[in-house]
Amino acid sequence: MYGTVPYMTERIAIVTGGAGGIGYHTALGLARQDRQVIIASRDRVRGEAAATRIGAAWWELNLGDLASVRRFAHRFLAAYAELDLLINNAGVMALPRSVTADGFERQFGVNHLGHFALTGLLLPALTLSGRSRVVTVTSGLHRRGRIDFDDLMGERRYSKFGAYMQSKLANVLFALELGRRAPITSVLAHPGVAHTDLARTGNPLRSVLIALARISAQSAEAGALPLLHAATGPDVVTGDAYGPDGPGERRGAPTRIAVSDRGRDEEDARRLWAISEQLTGVRYGTVSIPE
């Protein structure tokens with residue numbers, strides 16, 4: 001590992017996708033700091049096994065199903081008044097086109113809309129804490145993304161990686177806009193290129209290309225360090241982004257990084273926010289959880 005992560009005193013942390021890969025090592029790092037960690041993921045077997053290993057709890061969460069997102073938020077708000085740390089980590093990458101339970105293109109629906117809804121539903125607990133952070137995980141590939149407002153769901157034209165890059169740009173726009181709108185610390189992190197099972201694919205050629213890219217990749221443990229720094233670093237402020245300091249931000253120690261001009265486009269951020277509220281039914285500032 002590259003260095004150590006400073007200690008802070010947040011009490012409760014939620015890590016989406018914490019059952020494996022970068023999410024698991026993020027959850028592990030937080031648990032080692034004596035935090036109460038909730039691993040939020042779909043797979044009960046993997047989730048409970050991961051939680052047992054690190055002394056955390058596993059709660060079911062399917063970001064591709066808004067009903068599941070609402071159930072998770074309802075359960076949390078019924079159990080806790082405050083939430084100190086939310087790590088929006090879970091994601092899918094380079095999938096053939098499919099849709100979520102709510103009919104959204106899966107990469108946009110899981111990577112962006114699911115986390116948009118989750119954060120909004122948990123906002124009462126986040127704001128009550130008075131010291132909360134939300135860390136949204138993006139990718140260096142967000143710099144090649146664009147938001148196709150005329151075809152967000154890829155119904156007319158679809159590219160696996162184009163949809164992924166759009167979702168990662170959406171993560172950036174969301175995190176920065178969240179920091180402008182809510183009294184919390186909202187920051188970004190990306191792990192560089194790390195050995196995980198994110199890029200599952202059945203295409204043999206694509207699998208070979210991904211395998212070649214991973215030759216220079218760092219471990220999932222090292223990939224978690226920018227997330228952990230964003231979550232716990234004492235020098236972190238709203239709008240920061242963290243990634244590896246090596247060439248091309250592929251690997252290395254955590255450092256502040258720049259996001260793209262498109263990621264800083266406030267007009268696009270406001271437009272995406274309004275669309276996201278409409279699609280998810282989660283309107284920040286008027287959030288309520290049905291019984």
Protection proxy ranking, peptides 166-173, 142-149, 155-162, 48-55, average beta carbon neighbours within 10 Å, highest first: 166-173, 142-149, 48-55, 155-162
If each part is reduced to its alpha-carbon centroid, region 40-65 and region 123-157 end up apart, in Å, by 22 Å
Taking H as built 1.01 Å from N, whose amide H comes closer than 5 Å to the amide H of Thr255, not counting residues under 5 places away? Gly243, Asp245
Which ³J(HN,Hα) values in Hz, rounded to whole numbers, follow from the phi angles of region 54-71 under the Karplus curve 6.51 cos²θ - 1.76 cosθ + 1.60, where θ = phi - 60° and Gly and Pro get x? 10, x, 10, 10, 10, 10, 6, 8, 10, 5, x, 8, 4, 5, 5, 4, 5, 4
Arrange the following residues from fewest to most other Cβ atoms within 10 Å of their Cβ: Phe76, Phe174. Phe76, Phe174
Going by C-beta contacts inside 10 Å, put Phe104, Phe116 in order with the fewest on the left. Phe104, Phe116
Antiparallel DSSP beta bridges within the chain, as percent of all bridges there, nearest 5: 15 percent
Chain lengthening between Glu82 and Arg180 when straightened (0.36 nm per residue, less Cα-Cα): 33.2 nm
Give, rounded to the nearest 20 debye, the magnitude of the charge dipole that the chain has about its Cα centre when Lys and Arg contribute +1 at Cβ and Asp and Glu contribute -1 at Cβ. 520 debye
On each of the three principal axes the extent of the alpha-carbon atoms of region 12-280, given in whole Å and largest first, is 45, 40, 37
Given the options Val99, Ala78, Gly109, identify the residue whose Cα lies farthest towards the positive end of the charge dipole of region 1-115 (+1 on Cβ of Lys, Arg; -1 on Cβ of Asp, Glu). Val99
With equal scatterers on the alpha carbons only and no solvent term, can you work out the Debye log10 of I(q)/I(0) for region 121-179 at 0.16 1/Å? -0.60
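We did not get these values from a lab; they are worked out from the coordinates using the rules stated. Fair warning: this is a prediction, and the values are worked out from it, not measured in the lab. Note that we place each Cβ from the backbone using ideal geometry, even for glycine, and neighbour counts take in every protein chain shown.
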